[in-house]
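What follows is a set of notes on a single structure, which appears directly below.
Since every read-out is calculated from the coordinates, none of them should be taken as a lab result. Keep in mind that this is a model prediction, so the values were computed, not measured. Positions of Cβ are generated from backbone atoms using ideal geometry, with glycine treated the same way; all protein chains shown enter the neighbour counts.
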Amino acid sequence: MHSRCSALIGTPSHPPIHLRCPACQQYSVPPLPPIERQTTPVELSPAARSAPTRLFFGGSFDPPHLGHVALPQRIAKHLDHAHIVYVPAARSPFKAAAPAPDQDRIELLTIALDGMDNASIWTQEIADAPLNPDQPSYWADTWASIAKLNLPGTNRFLIGADQARSMHRWRRYTEFWRDAIVMLRDDAASPATLIDQLRSLDAWTPSELDHWRSIIVPVPMIDCSSTSIRTALSNPDTRPHPIQGLDPRVQQAIIKRNLYLNRSSD
């Protein structure tokens, strides 16, 4: 095959684009991105595999709160009712403290998603953690694992505005950033302000900023955070009472498992 056949377009999440090399008239398929960590493939749920559009949502979910459930549902409606795939992180490269035990977080997330027909949990990062001790979970490897599954349809992933502002520092971000969808809280900066902030970083070209502008979706503010919830759970005086942003079913499971006692910070 001619060397010019390596000139390809496309992204890892979309079906391969076969291009004809003008020199040798043969076709090439874009190579899959590398997976740098040791990995054992974890299959998606049947509903996720068969969905025309999948919306991946990574995070510690430590613990899962109402915003983790409600906001992705709003984005999914913009994507013709996409299937939401939650990806619990084994260890975030941006957080110093270890999360609650993996199995507890999975079970809490399962409780939080109970009744959601268009949502499932994919434990690839947690499954890979024992094979890569003391290493953080990089989204580049997770996204490459998704590409390797050879799924039909379209794959996108959710991030917040803070993650968009730091995207240029993510490992191998050029492989996947265009597949992102940015959730921008309507009480925070406007889309124009976020674009100005991205422009000030001197990390993005004008055409890349245009793409950023096209993937920003304003969402309503939901007043809850995992940090404030952990603070309330660590206090014996507030722990047994309703906590803003926390599903009572999840709270009951947390208390039963004796989680988040004397722990309030990231």
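Please arrange GLU175, GLU107 by how many other C-beta atoms lie within 10 Å of their C-beta, fewest to most. Show your work: numbers first, answer last.
Values: GLU175 19, GLU107 15.
Placing the least packed residue first, the sequence is GLU107, GLU175.
Kindly state, to the nearest 0.05, the FRET efficiency for THR40 paired with THR174, given R0 = 25 Å and r defined as their beta-carbon distance. Intermediate results must be reported in sequence, preceding the final value.
Details: r = 26 Å, r/R0 = 1.05.
Given R0 = 25 Å and the Cβ-Cβ separation, E is 0.40.
To the nearest Å, what is the center-to-center distance of segment 149-205 and segment 34-49, using C-alpha atoms only?
Answer, in whole Å: 23.
If you take the C-alpha gyration tensor of segment 204-266, multiply each eigenvalue by 5 and take the square root, what semi-axes do you get, largest first, in whole Å? Provide the component values of the computation, followed by the final result.
Details: eigenvalues 272, 34, 18 Å².
With the √(5λ) rule applied to segment 204-266, the semi-axes are 37, 13, 10 Å.
Quickly work out the GLN103-to-LYS256 label distance, labels modelled 7 Å from Cα along the C-beta direction, and quote it in nm with one decimal.
1.5 nm
Principal axis extents for segment 148-266, Cα atoms only, whole Å, descending order, please.
52, 37, 24
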